[in-house]
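Read the structure below first, then the notes.
The values are calculated or read from the model by the stated rules, or taken from the named source; none is laboratory data. Treat the numbers as computed from the prediction; the structure is a model and nothing was measured. Cβ atoms come from the backbone with ideal geometry, glycine included; neighbour counts cover every protein chain shown.
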Amino acid sequence: MALDLAILSGAGALPPDLARAYPDALCITFTGINHSLPGRTEDHSFERLGKLFAVLKERGIRRVVMAGSMYRPALNPENFDAFMRQISPQLVAALQLGDDGLLRFVIDLFESHGFTVCGAHELLPELTAKAGILSQVVPQSKHHEDIEKGRALLGVLSDADIGQSTVFENGLCLGIETLQGTDALLRFVGQTPSYLRRGQGGVLIKTPKSGQDLRVDMPTIGPDTIREVQAAGLAGLAIDAGRVLLLEPEQTRALVAQFGLFLIAQEI
């Protein structure tokens, strides 16, 4: 039973997975955000969070999980309820911060009203990978060198709140994830002229940024990621054990095998 749990849903496969695992949870969607939740949901507006908090308390909700992708909403102050008007100075300041700062503000907001913010990985631990090679194909020594270089670069960029992913190939950085996301990075890599690449066989390295709160912003890979990795001419992926979610894990691993890729989860 999860009568005290609310799923705050964005887009993607994760919210439906949570809804199936916790059928008694209250499913909340937001105006303007696409979702694929099955069954009954309640739609709310980012401009009227006071109403959302009131509904959660009326329903006896004590735990919330934020799942799925969301973009920064375009807010119209004329539509703010009294609660939003009250917190608008802090909200404006938070919107000037990077993603990590804004998410910390959102977490603090929910916790200050008595809610416990749970991570999807805490509710669905089977979606995180244990350390090891998760594929039949094994990375070669050159791939391990690329992984090491990629992790070093992401460590440097982490404090600047830039990206969770990079692609290295034969010692060269072919791209860094920015605001557009991992799939856009992989499409960019796939369009890189061959004369700029030292052959095929690069690696996508994906890891959380330092200080990133995994309860609300955990890196993910899924079937679409694997398809983009293959289309970009890469050899495989390296992720963090226990710190990256595998969406639709059976299909994800099946595609890794189908395309002859490697997938390695490393203890960090």
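Worth pointing out:
- Test for GLY171: is it surrounded by fewer than 17 Cβ atoms within 10 Å (Cβ to Cβ) and either under 30 Å from CYS118 (Cα atoms) or outside the structural domain of GLY68 (by TED's automatic domain parsing) (or both): yes
- Residue check, PHE115 outside the structural domain of LEU246 (by TED's automatic domain parsing), of a type in the set (Phe, Trp, Tyr) and modelled with pLDDT under 95: no
- Output for segment 173-232, where each listed residue is polar (S, T, N, Q), without any contact (Cβ under 8 Å) to a residue 12 or more places away in the chain and part of a loop (DSSP other than H, G, I, E, B): GLN180, GLN191
- Scanning segment 128-153 for residues that are modelled with pLDDT of 95 or more, aliphatic (A, V, I, L, M), under 18 Å from ILE268 (Cβ atoms) and in contact with a strand residue (DSSP E or B) (Cβ under 8 Å, 6 or more places away or on another chain) returns ALA131, ILE133, LEU134, ILE147, LEU153.
- Among residues of segment 235-259 that are crowded, with 16+ Cβ neighbours inside 10 Å, those with a Cβ under 9 angstrom from a residue that is among the charged types (D, E, K, R) and part of a strand (DSSP E or B), sequence gap 6+ or separate chain, pair up as ALA235/GLU169; LEU237/LYS206; ALA238/LYS206; ILE239/LYS206; ASP240/LYS206; VAL244/LYS206.
- Test: residue in segment 195-216 that is crowded, with 20+ Cβ neighbours inside 10 Å, of a type in the set (Val, Ile, Thr) and at pLDDT below 95: yes
- Any hit, segment 118-133, residues being touching an Asp or Glu at 6+ places or on another chain (Cβ under 6 Å) and either surrounded by fewer than 17 Cβ atoms within 10 Å (Cβ to Cβ) or among the aromatic types (Phe, Trp, Tyr) (or both): yes
- The sole residue among VAL156, VAL167 that is at pLDDT 90 or above and outside any strand (DSSP E or B) is VAL156.
- Going through (1) in contact (Cβ under 8 Å) with a residue 24 or more places away in the chain; (2) farther than 30 Å from ASP4 by Cα one by one, LEU124 falls short only on (2).
- Flag if VAL138 is in contact with a helix residue (DSSP H, G or I) (Cβ under 7 Å, 6 or more places away or on another chain) and not in a helix (DSSP H, G or I): no
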